[in-house]
1. In whole Hz, with x marking every Gly and Pro, tabulate ³J(HN,Hα) for the stretch 177-185 from phi via Karplus 6.51 cos²θ - 1.76 cosθ + 1.60, θ = phi - 60°.
2. With +1 assigned to the C-beta of every Lys and Arg and -1 to the C-beta of every Asp and Glu, and no other charges, what is the dipole magnitude of the chain about the Cα centre in debye, to the nearest 20?
3. Computed from these coordinates, which is Cα Rg over 2.2 N^0.38 Å: (i) 1.20; (ii) 1.00; (iii) 1.05?
4. Mind scanning K75/K109; K6/K97; K109/K173 and naming the pairs with a C-alpha gap bigger than 28 Å?
5. What does the C-alpha gyration tensor say about the overall shape of the stretch 8-139? Classify as rounded when a/c is under 1.5, otherwise prolate if a/b is larger than b/c, or oblate.
6. Residues with beta-carbon under 13 Å from that of R77, excluding R77: net charge, scoring Lys, Arg +1 and Asp, Glu -1?
7. Taking Cα atoms, how many degrees apart are the long axis of helix 186-200 and the longest axis of the chain, rounded to 10 and kept between 0 and 90?
8. What do you get for the angle between helix 113-124 and the principal long axis of the chain? Use alpha-carbon atoms, 0 to 90 degrees, nearest ten.
Amino acid sequence: MSASLKHYGSLLVIDDHNMIVNGIRLLIGNRFQDIWQANTAAAGLSLATQRRPQLVIVDYVLPDGTGDTIVKEIKYRCPATRILAYSFNGYSAAVLKMFGAGVHGYVIKSENDEEFVHAVCTLLEGKEYFCREARNHIIHRVFPEEEHPRLIVANTGFSAKEIEIIRLICQQKTAREISTQVYLSERTVEQYRSNISKRIGARNIAGIIRFALQNHIIDLADL
């Protein structure tokens with residue numbers, strides 16, 4: 001094997017199409033020490049809970065449910081696990097549900113091998129990766145009126161999900177109200193809020209509002 005090839009711990013693929021899973025094994029199998037497969041959401045959740053894989057790759061459409069449901073459970077039970085979602089198409093609803101559930105990346109199965117490998121490596125470096133089509137859906141959902149939404153995300157160092165939560169906090173939404181809008185549990189929203197406050201040095205909502213105004217995340221008219 002190439003000395004320059006990065007190697008990782010464990011991978012769980014949740015997909016009911018064995019040909020797809022075998023293709024993933026051929027493409028990135030030599031990068032992982034252990035690889036497990038599950039063909040249903042229930043089996044995937046059970047394996048994830050038992051094995052606590054470093055990375056989970058999960059399809060949106062599964063025989064016993066949709067991927068966003070299992071993603072929420074895996075994030076709750078295995079908070080250190082990175083999650084890459086994928087689907088045969090880039091339907092907005094699928095992308096937004098998986099994004100709202102908290103996946104760290106999203107790719108369309110029709111993307112080339114290089115992009116898929118890049119997405120896997122990016123997630124395992126602790127970053128997020130969304131293919132262009134998925135990113136466009138997210139941007140239009142989170143920033144329907146922003147002229148340069150990607151610049152806002154890049155300049156502040158926050159993800160699109162964090163930016164959306166900042167905006168809702170500034171509108172004085174409760175954790176329960178925010179959780180309903182971003183498809184996360186109240187507990188996860190509270191964790192987001194705590195992390196955001198620590199990163200910007202805000203002691204209260206006024207500090208978050210000040211940061212949001214200074215970085216053009218919100219306008220005075222939004223308050």
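Derivation of every value follows stated rules applied to the coordinates shown; laboratory data play no part. Remember, it's a predicted structure, so these values are computed and weren't measured experimentally. Don't worry about glycine lacking a Cβ; one is built from the backbone with ideal geometry, like all the others, and counts go over all protein chains shown.
1. Using θ = phi - 60°, the values come out as 5, 5, 4, 5, 7, 10, 6, 10, 6 Hz.
2. Taking the Cα centre of the chain as origin, the dipole is about 800 debye.
3. It is the one labelled (iii).
4. On the way: K75/K109 23 Å; K6/K97 31 Å; K109/K173 37 Å.
Result: K6/K97; K109/K173 exceed 28 Å.
5. rounded
6. Every neighbour counted, the sum reads +4.
7. 70 degrees
8. For 113-124 against the chain, the angle is about 60 degrees.
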